[in-house]
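To keep things clear, I will list the structure first and then write my remarks on it.
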Amino acid sequence: MVSTPKLIKASYFAGKDFFRSPLLTSGPLPAPAAVMVPIRSLGPGHAERIARHLLSLSAADRYLRFGYAANDDQIQRYVDSLNFERDDIFGVYNRRLELIAVAHLAFAVDPDFTSCAEFGVSVLAKVRGRGYGARLFDRAVMHARNEGVQMMFIHALSQNTVMLNIARKAGASIEREGSESEAYLRLPPADLDSRMTEMIEERVAQTDYRLKVQAYQFWDFLRMMQEVRRGVREARDRMPM
Ligand SMILES: CC(C)(COP(=O)(O)OP(=O)(O)OC[C@H]1O[C@@H](n2cnc3c(N)ncnc32)[C@H](O)[C@@H]1OP(=O)(O)O)[C@@H](O)C(=O)NCCC(=O)NCCS
């Protein structure tokens, strides 16, 4: 069964930070818990936020992510063409419900290569170096295994040492061809552990997201109440004595 004390503990850690007011902390996000990053799968309802995330990448990052200097129209077309049925998109949300990291696991469409998938990822510059890229990679590997994928590919520019390091550390072989590199990782078959872990992680991430939505709405409500109170106070102060 999935509902183990472990799941409750993980949900607790994933949720405990969310009711802290985002109004009080305008600085950079605190470092994520070393235990786990709540990574959730994203459906078509998240397309607008995925677009917002990608459009906020700098020109250099777009180049690294897509292998060419994608302009806004090309990014929008990429998002519009995402196939949420066939592929898997994963994301990490912060407390402001901003999508800070997105990964795309694209399954091969060619019937001769059904056991292959390609991985692409982007993390917002302000939260890099906190392990999100590596965690998304791990999550994609686990999901790919559970889907029967035997080989995962990462296409990266040779200058993209951070991405290539993530792949190398996971055991990928890297072939460099001039300015471009192709990394490929052989995946072991799924087992009970990979299936259970993915199921638990997804449930924790869904809980995490729901809590973030509630916390966000709650702070919005408080903000509105404060405005109403301020309005009443100002009106009262303006009244002749
Ligand atoms: C590549 C990218 C996704 C990495 O995301 P990230 O969240 O910063 O990566 P992580 O924090 O998981 O770091 C992964 C490893 O790289 C190291 N690293 C991170 N930033 C680094 C930097 N600027 N220089 C050197 N090493 C760095 C980390 O220390 C970590 O190594 P470790 O596991 O030994 O500690 C992010 O830089 C990005 O979005 N780049 C633009 C888009 C892109 O290049 N996409 C990949 C093409 S598919």
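No value in this document is a laboratory result; all are computed from the given coordinates. Treat the numbers as computed from the prediction; the structure is a model and nothing was measured. With ideal geometry, Cβ positions are generated from the backbone for all residues, glycine too; neighbour counts draw on all protein chains shown.
Side notes on the structure shown:
- Candidate set from the range 178-197 (those that are within 16 Å of the ligand (Cβ to nearest atom) and closer than 21 Å to Tyr68 by Cα); member that is farthest from the chain's Cα centre (by Cα): Ser179
- The condition (being more than 18 Å from Arg168 (Cβ to Cβ), crowded, with 20+ Cβ neighbours inside 10 Å and either over 13 Å from the mean Cα position of the chain (by Cα) or near the ligand (Cβ under 9 Å from one of its atoms) (or both)) is satisfied by just one residue among Val127, Val149, Val141: Val149.
- Subset of the range 174-211 (residues that are touching a helix residue (DSSP H, G or I) at 6+ places or on another chain (Cβ under 9 Å) and assigned to a loop (DSSP other than H, G, I, E, B)): Leu187, Pro188, Pro189, Ala190, Asp191
- Restricting the range 152-170 to residues that are over 22 Å from Gly129 (Cβ atoms) and of a type outside the set (Phe, Trp, Tyr), the residue that is farthest from the ligand (Cβ to nearest atom) is Met152.
- Within the range 73-117, considering residues that are buried (at least 16 other Cβ atoms within 10 Å of the Cβ) and small (Gly, Ala, Ser), the one nearest to Gly129 (Cα to Cα): Ala101
- Residue match in the range 97-106 (condition: within 11 Å of the ligand (Cβ to nearest atom), in contact with a Gly (Cβ under 6 Å, 6 or more places away or on another chain) and under 19 Å from Ala167 (Cβ atoms)): yes
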